[in-house]
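**Q** Here it is: the structure, laid out below.
The values are calculated or read from the model by the stated rules, or taken from the named source; none is laboratory data. Computed from a predicted model, the values in this text were never measured in an experiment. Note: ideal-geometry Cβ built from the backbone for every residue, glycine included; neighbour counts use all protein chains shown.
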Amino acid sequence: MRLGLLADIHEHVEQLEWAIATLRAQDVDRFVMLGDVYEMGGRIEETVALLSKLDTLGVWGNHDFGLCRDVCESVRARYSSEVLAYFASLAPYVEYEDCRFQHIEHHLDPTILEDLWSFEEHLGVDAALGFAAHPHHRLFIGHFHRWEVHEPEGKVSWDGRSPISLRPDRRALVAVRAVCDGSCALYETESAVLVPYAMT
């Protein structure tokens with residue numbers, strides 16, 4: 001499978017349009033949205049209209065949570081039925097092709113608001129906890145707005161400027177850089193190659 005990875009959109013419509021076009025040109029089979037679609041609500045209708053047209057697996061992020069679960073009537077009154085339906089479709093995590101996708105680090109609980117808003121100073125501090133928490137061969141997260149790859153032995157030397165082949169004999173935790181910063185990625189599950197893209 002060729003998966004198009006979108007993380008931390010934050011209503012940046014132009015960057016999202018670029019990311020979708022870039023990944024469609026690579027013949028992705030499916031998109032995976034890693035959370036934080038929402039920012040302040042000003043362009044959420046346009047953002048959701050773009051995402052709703054895709055074959056997408058999606059998880060919620062810390063910015064999305066208030067629209068995904070137990071949405072109060074005053075919040076419901078502010079948004080269209082299409083926006084509410086989209087956010088209601090998001091999950092706390094997704095498991096697919098021996099991969100686990102979640103907005104935050106995998107040892108944290110995305111159904112708990114305090115965990116969703118947790119930021120560690122260094123991602124590597126908790127990578128081992130993520131591997132211990134779940135058996136999946138590949139763990140993907142957004143949230144940090146940067147590229148990183150970790151194996152159980154430690155952080156991999158990689159800056160996100162070129163493709164990386166994830167080693168078949170090693171598990172990997174991958175942080176995907178934000179769409180709002182002009183980034184997206186293609187992950188090929190069979191070859192385990194991750195291809196980052198940057199908006200120019």
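**Q** Restricting to strands (runs of 3 or more DSSP E) lying wholly in the stretch 96-200: which have 2 or more residues that are of a type in the set (D, E, K, R)?
**A** The qualifying strands (runs of 3 or more DSSP E) are 148-151.
**Q** May I pose another question? What is the residue count in the stretch 14-36 for residues that are touching a helix residue (DSSP H, G or I) at 6+ places or on another chain (Cβ under 6 Å) and within 21 Å of residue 66 (Cβ to Cβ)?
**A** The first filter runs over the stretch 14-36 and keeps only residues touching a helix residue (DSSP H, G or I) at 6+ places or on another chain (Cβ under 6 Å), leaving 15-16, 19.
Among the residues that remain, those that are also within 21 Å of residue 66 (Cβ to Cβ) are: 16.
Of the residues in the stretch 14-36, 1 are touching a helix residue (DSSP H, G or I) at 6+ places or on another chain (Cβ under 6 Å) and within 21 Å of residue 66 (Cβ to Cβ).
**Q** Could you go through the stretch 37-47 and let me know if any residue there is buried (at least 22 other Cβ atoms within 10 Å of the Cβ), under 21 Å from residue 110 (Cα atoms) and not basic (Lys, Arg).
**A** Yes - at least one qualifying residue is present in the stretch 37-47.
**Q** Still on this model: Suppose the filter is within 22 Å of residue 61 (Cα to Cα), charged (D, E, K, R) and modelled with pLDDT of 95 or more; does residue 138 pass it?
**A** On the way: within 22 Å of residue 61 (Cα to Cα): yes; charged (D, E, K, R): yes; modelled with pLDDT of 95 or more: yes.
Spelling it out, residue 138 is indeed within 22 Å of residue 61 (Cα to Cα), charged (D, E, K, R) and modelled with pLDDT of 95 or more.
**Q** Right, residue 118: under 22 Å from residue 13 (Cα atoms), surrounded by fewer than 17 Cβ atoms within 10 Å (Cβ to Cβ) and among the hydroxyl-bearing types (Ser, Thr, Tyr) or not?
**A** Details: under 22 Å from residue 13 (Cα atoms): no; surrounded by fewer than 17 Cβ atoms within 10 Å (Cβ to Cβ): yes; among the hydroxyl-bearing types (Ser, Thr, Tyr): yes.
Against the criterion (under 22 Å from residue 13 (Cα atoms), surrounded by fewer than 17 Cβ atoms within 10 Å (Cβ to Cβ) and among the hydroxyl-bearing types (Ser, Thr, Tyr)), residue 118 does not qualify.
**Q** Return the pair list, or none, for Cβ contacts closer than 6 Å from residues in the stretch 35-46 that are on the phi < 0 side of the Ramachandran plot and modelled with pLDDT of 95 or more to residues that are part of a loop (DSSP other than H, G, I, E, B) and not basic (Lys, Arg), at least 6 apart or on different chains.
**A** Pairs found: 37/9; 37/64; 38/63; 38/64; 39/10; 39/11; 43/11; 44/11.
**Q** Could you list, in sequence order, the residues of the stretch 1-21 that are outside any loop (DSSP other than H, G, I, E, B) and under 16 Å from residue 55 (Cβ atoms)?
**A** 2, 3, 4, 5, 6, 16, 19, 20, 21
**Q** Moving on. Answer with yes or no whether residue 64 is modelled with pLDDT of 95 or more and charged (D, E, K, R).
**A** Working: modelled with pLDDT of 95 or more: yes; charged (D, E, K, R): yes.
Spelling it out, residue 64 is indeed modelled with pLDDT of 95 or more and charged (D, E, K, R).
Okay, residues lined up against (1) part of a loop (DSSP other than H, G, I, E, B); (2) more than 17 Å from residue 6 (Cβ to Cβ):
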position: 28; (1), (2): yes, no
position: 37; (1), (2): yes, no
position: 49; (1), (2): no, no
position: 70; (1), (2): yes, yes
position: 85; (1), (2): no, yes
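**Q** Scan the stretch 13-34 and report the pairs whose first residue is crowded, with 20+ Cβ neighbours inside 10 Å and whose second residue is of a type in the set (Lys, Arg), with Cβ atoms within less than 9 Å and a gap of 6+ or a chain change.
**A** As it stands, the answer is 20/53; 23/2; 28/2, since those pairs meet every condition given.
**Q** Go through the stretch 147-184 and give me each residue that's without any contact (Cβ under 8 Å) to a residue 40 or more places away in the chain and on the phi > 0 side of the Ramachandran plot.
**A** 154, 160
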